[in-house]
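Visitor: I am attaching a structure below and will ask some questions about it afterwards.
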Amino acid sequence: MTHSAEHKTILQIIQPGLLGLMDGSVSTLAPIFATATLTGNPHDAFFVGFAASLGAGISMGLAEALSDDGVISGRGSPLVRGGITGIATFLGGMFHTLPFLIPNLHAALLLAYAVVVLELLTIAYIRFHYMKSPLGRTIVQVIVGGGVVFAIGVWLGRIGAGS
């Protein structure tokens, strides 16, 4: 089976990057925001986010690289796909972690909320543009999915903090 250059780019670069960006963005929300809510300390939230992003990046990179040798599927080099997925996962988690370098928790949270919204809208746009998903549906799916995970993180942080 031969694929066009555009199809190969989507299979070998865009899809692994999108997978990583989605996983990194969503899977790190709960631990970061639970930590921020639980401890009230942006420094703690930053290090939890950094650790979660790094761990998720390594895990997702390995999972992608080991899932398919690319020969039958046409998905290309497993090492390249794994690298793309791992880096995108790390970045997806770090974008909303970086605001927690701000020592003021309220300011860090406000900036992190804005970054999360931008991340989720970017993911929805990439899905729309490259994967040809209907824009309205993909925005709802990504925002609802991310919102649920975010809410769980805040909820668990409040429970842990006793508020």
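Visitor: Note down the nm distance, to one decimal, between modelled labels 7 Å out along Cα→Cβ at Leu54 and at Ile13.
Guide: 2.9
Visitor: Could you give me the radius of gyration and the Dmax of the chain, taking only the C-alpha atoms into account and expressing both in angstrom?
Guide: 16.9, 58
Visitor: Calculate how steeply helix 135-161 sits against the longest principal axis of the alpha-carbon atoms of the chain, using the helix alpha-carbon long axis, and give the answer as 0 to 90 degrees to the nearest 10.
Guide: Relative to the chain, helix 135-161 is tipped by roughly 40 degrees.
Visitor: Please determine, in degrees from 0 to 90 and to the nearest 10, the orientation of helix 42-67 with respect to the longest principal axis defined by the Cα atoms of the chain, where the helix direction is its Cα long axis.
Guide: Roughly 20 degrees between the two axes.
Visitor: How far is helix 78-95 tilted, in degrees, relative to the longest principal axis of the Cα atoms in the chain, given as a value from 0 to 90 rounded to the nearest 10?
Guide: Taking Cα atoms only, the helix is inclined about 20 degrees.
Visitor: What 222 nm value per residue comes from the helices of the chain, counting each DSSP H run with n ≥ 4 as -39,500 (n - 2.57) and dividing by all residues, nearest 500 deg cm²/dmol?
Guide: Result for the chain: -26500 deg cm²/dmol, rounded to the nearest 500.
FYI, it's all coordinate maths here, none of it is from the lab. Not measured: the values here are computed from a predicted model. FYI the Cβ positions are ideal-geometry reconstructions off the backbone, even for glycines, and counts take in every protein chain you see.
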